[in-house]
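Just below is one structure, and these are the notes that go with it.
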Amino acid sequence: MMRARPVPADLSSAEAAARWAVRLDGDNVSDEERRAFEAWRSRSAENAAAYERALAAMHVFDASPEDASLDALRRAALRYQSERSWLGVRAAAAALVLLFAGLGALIVAGDGSNLFRGGPVASLYEKGAADYVTRRGEKLDVTLPDGSALTLNTETDLDVVFDGRRRTVEVLRGQAFFNVAKDPSRPFVVVAGGKQIVAVGTAFDVRLDQGRVEVQLVEGHVVVENAEPSGSASPPTRDSTASVHLNPGEALVATDKQVVRAAAEDQERLLKWRDGLIEFDNTSLADAVAEFNRYSAQTISIDDPQVAKLPISGVFRTNSQRKFLEAVTSLHPVTIEYRGTDRFALVPR
């Protein structure tokens, strides 16, 4: 006889309901499991109501297989599932709907077809956790519910929060290119490293790297200003003394100590990452190696300061570290020294 897998007693009603919903939806449900479920459901009106919401959430996922926002929740569920290995993706996704977003706030039409339209949309996770993630060496194209197109570069985490007043994306780490859909009634706000970039319809690149925020504006117009306090639901306010207006072809670099606005140099070169390329133009080996290390699990180091200063020029694929090293060792009197698994150094020859 199949033994019932107990639902942990410390779970909330919502999460327990999601587990029961998917378990009873499966095959080979034992009598022991059904008795355990009935005992749990009859324990409180809250449990019974949570179970009905879990069934409704699962129905939304079954009825809307092509919804982009539901795809994001499914990806979230796959990561969430790793902590509870037996929990199915549909149940994990249902639990995420119930726990983090609120089913009533998400479903506008009874069949789920208008999910995320017209009403407020909470973050798919709790605020400050990533909705979209790339690992080292990965690149990801995303279309948000409003039609805005995003491209995430290597090791990038983004948190997305839309409501009736503004569209907000927080760059938790990494780099992303934004092609913003026009919606004058709802500004598009990108938050990164204590700054916020406010746009309506435009295209720009944001990179957050160890407290340094770099913005490259390709088209349209953006305002870069200090970020509003966390949790603010108000539209962005304008502080002319702290705001920087960028025009196409301009760039901004901000740290804790200063904000520098300048004409973007070699903007096309800096944005080649969208095509999976890195271009160097008389770049020091130290900087070139640091850039390549963003994309590969095999890390390169340089101990010799003279080697670090050597220049390199050329265009390389982000996933072709070997070609980069071949170019370096053919141009300069250096060689590769292996220092263990996935670690090697450039040293004088």
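FYI, it's all coordinate maths here, none of it is from the lab. Just so it is clear, the model here is predicted, and its values are computed rather than measured. A quick note on method: Cβ atoms are made from the backbone with ideal geometry, for glycine too, and the neighbour counts reach across all protein chains shown.
Taking amide hydrogens as placed 1.01 Å from N in the peptide plane, the amide H of ASP131 sits under 5 Å from those of LEU158, ASP159, VAL160, each at least 5 positions away in sequence or on another chain.
Sorting the segments 318-328, 274-284, 259-269, 157-167 by their residues' average number of neighbouring beta-carbon atoms within 10 angstrom, most packed first, yields 157-167, 318-328, 274-284, 259-269. Residues whose amide H lies under 5 Å from that of SER301, counting only those 5 or more places away or on a different chain, are PHE344, ALA345, LEU346; hydrogens are built 1.01 Å from N in the peptide plane. Greater than 31 Å separation of Cα atoms is the criterion. Which listed pairs, LYS139/LYS323; LYS257/LYS323; LYS182/LYS323; LYS195/LYS323, meet it? Correct reply: LYS257/LYS323; LYS182/LYS323; LYS195/LYS323.
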